[in-house]
Amino acid sequence: GEKVEQHESTLSVREGDSAVINCTYTDTASSYFPWYKQEAGKSLHFVIDIRSNVDRKQSQRLIVLLDKKAKRFSLHITATQPEDSAIYFCAASMDTNTGKLTFGDGTVLTVKP
Amino acid sequence: ETAVFQTPNYHVTQVGNEVSFNCKQTLGHDTMYWYKQDSKKLLKIMFSYNNKQLIVNETVPRRFSPQSSDKAHLNLRIKSVEPEDSAVYLCASSYGTGPYEQYFGPGTRLTVL
């Protein structure tokens, strides 16, 4: 089955800097790659996604890049703010019949003022 | 604004007891999911239903049994809980079988003594 590896288990940046979280996946059939944010003591919240028909997507300060050849995708958070501090999970799905997601292990992002 | 509701928030029980968790979504989605998030924050899909039909049934112990009465409700029963069942159980919903953005509930934290 699909495996998703999230390369940074922790990441610390200064407020205003950019943060980059990298993920790789194993199954070339995967076509949907969402990112979720989990703040301390809270549940998961969708932040952005990308599908395999594009290689870049931006939503305000969030940019997702997809490299299908390398089976790699990344989340870029620009102009970070303290409220960006959270656990970020990447995920991949190859199943258009069920929407089943395979999650990475999460990256704890700390934005220091 | 919460649109995926889970009860109870917390549950503490003894090994061997039976527990039931409930989930309801008011988003009009037709697919619902159960995830398990362990103490290391690792997320694993357990089950998924689409319009009351089981469409994802991962390899979980047989003491776990989901049930869906209609597309807005999804329950999870655990017969004879074990210490390794201690975790947060997250319910989510999405539009269609996707893959699409999933909306997560606040979770039910189970502690097995």
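Of all residues in the stretch A:87-101, exactly one satisfies the criterion of being within 12 Å of the chain's Cα centre (by Cα) and open to solvent by 10 Å² or more (accessible area, probe 1.4 Å), namely A:87. Is the stretch A:70-86 home to any residue that is within 14 Å of chain B (Cβ to nearest Cβ) and modelled with pLDDT under 95? No: the stretch A:70-86 contains no residue that is within 14 Å of chain B (Cβ to nearest Cβ) and modelled with pLDDT under 95. Using the structure shown, decide if residue B:103 is within 14 Å of chain A (Cβ to nearest Cβ), crowded, with 17+ Cβ neighbours inside 10 Å and out of contact with any His (no Cβ under 8 Å at 6 or more places or on another chain). No: the conditions fail for residue B:103. Within the stretch A:50-103, the set of residues being in a loop (DSSP other than H, G, I, E, B), in contact (Cβ under 8 Å) with a residue 60 or more places away in the chain and under 29 Å from residue A:15 (Cβ atoms) comprises A:78, A:79, A:80, A:81. Before we move on, is residue B:95 on the phi < 0 side of the Ramachandran plot, touching a strand residue (DSSP E or B) at 6+ places or on another chain (Cβ under 7 Å) and within 14 Å of chain A (Cβ to nearest Cβ)? No; evaluated as a whole, the condition is false for this residue.
Within the stretch B:20-40, restricting attention to residues that are aromatic (Phe, Trp, Tyr) and touching a Ser or Thr at 6+ places or on another chain (Cβ under 8 Å), the residue that is nearest to the other protein chains (Cβ to nearest Cβ) is B:33.
Among the residues making up the stretch B:41-51, a single one is open to solvent by 50 Å² or more (accessible area, probe 1.4 Å) and more than 8 Å from chain A (Cβ to nearest Cβ): B:51. Inspect the stretch A:22-42 for any residue being within 12 Å of chain B (Cβ to nearest Cβ), without any contact (Cβ under 8 Å) to a residue 24 or more places away in the chain and of a type in the set (Ser, Thr, Tyr) and give the result as yes or no. No, every residue in the stretch A:22-42 fails to be within 12 Å of chain B (Cβ to nearest Cβ), without any contact (Cβ under 8 Å) to a residue 24 or more places away in the chain and of a type in the set (Ser, Thr, Tyr). Condition test on residue B:80, is it more than 9 Å from the chain's Cα centre (by Cα), open to solvent by 70 Å² or more (accessible area, probe 1.4 Å) and within 30 Å of residue B:113 (Cβ to Cβ)? Against the criterion (more than 9 Å from the chain's Cα centre (by Cα), open to solvent by 70 Å² or more (accessible area, probe 1.4 Å) and within 30 Å of residue B:113 (Cβ to Cβ)), residue B:80 does not qualify. Taking each residue of the stretch B:84-99 that is under 17 Å from residue B:3 (Cα atoms) and assigned to a loop (DSSP other than H, G, I, E, B) and looking for partners that are among the charged types (D, E, K, R) and open to solvent by 20 Å² or more (accessible area, probe 1.4 Å) with beta-carbon atoms closer than 9 Å, six or more apart or interchain, yields B:95/B:30; B:95/B:101; B:96/B:30.
Inspect all residues belonging to the stretch B:14-22 and state whether any of them is open to solvent by less than 20 Å² (accessible area, probe 1.4 Å) and under 23 Å from residue A:95 (Cβ atoms).
Going residue by residue through the stretch B:14-22, those that are open to solvent by less than 20 Å² (accessible area, probe 1.4 Å) are B:19, B:21.
From what is left, the residues that are under 23 Å from residue A:95 (Cβ atoms) are none.
Scanning the stretch B:14-22 turns up no residue that is open to solvent by less than 20 Å² (accessible area, probe 1.4 Å) and under 23 Å from residue A:95 (Cβ atoms).
Determine whether the stretch A:26-42 contains at least one residue that is crowded, with 20+ Cβ neighbours inside 10 Å and over 20 Å from residue B:102 (Cα atoms). No, the stretch A:26-42 has no match at all.
Give the residues of the stretch B:85-113 that are hydrophobic (A, V, I, L, M, F, W, C) and either in contact with a Lys or Arg (Cβ under 8 Å, 6 or more places away or on another chain) or modelled with pLDDT under 95 (or both), sorted by residue number.
So the first thing to find is which residues in the stretch B:85-113 are hydrophobic (A, V, I, L, M, F, W, C), and the list is B:87-88, B:90-92, B:104, B:110, B:112-113.
Answer for the stretch B:85-113, where residues must be hydrophobic (A, V, I, L, M, F, W, C) and either in contact with a Lys or Arg (Cβ under 8 Å, 6 or more places away or on another chain) or modelled with pLDDT under 95 (or both): B:87, B:88, B:90.
Identify the residue in the stretch B:65-83 that is in a loop (DSSP other than H, G, I, E, B) and within 21 Å of residue B:10 (Cα to Cα) and, among all such residues, is farthest from the other protein chains (Cβ to nearest Cβ). Reasoning before the result, please.
Going through the stretch B:65-83, the residues in a loop (DSSP other than H, G, I, E, B) turn out to be B:71-72, B:79-82.
Next, only the ones that are within 21 Å of residue B:10 (Cα to Cα) stay: B:79-82.
On the way: B:79: 25, B:80: 27, B:81: 22, B:82: 23 Å.
Only one residue tops the list, namely B:80.
The values are calculated or read from the model by the stated rules, or taken from the named source; none is laboratory data. Just so we're clear, the structure is a prediction, and the values are computed from it rather than from any experiment. Cβ atoms come from the backbone with ideal geometry, glycine included; neighbour counts cover every protein chain shown. In case anyone asks, the SASA skips ligands and DNA or RNA and just uses the protein heavy atoms, side chains included. Shrake-Rupley method; radii C 1.70, N 1.55, O 1.52, S 1.80 Å.
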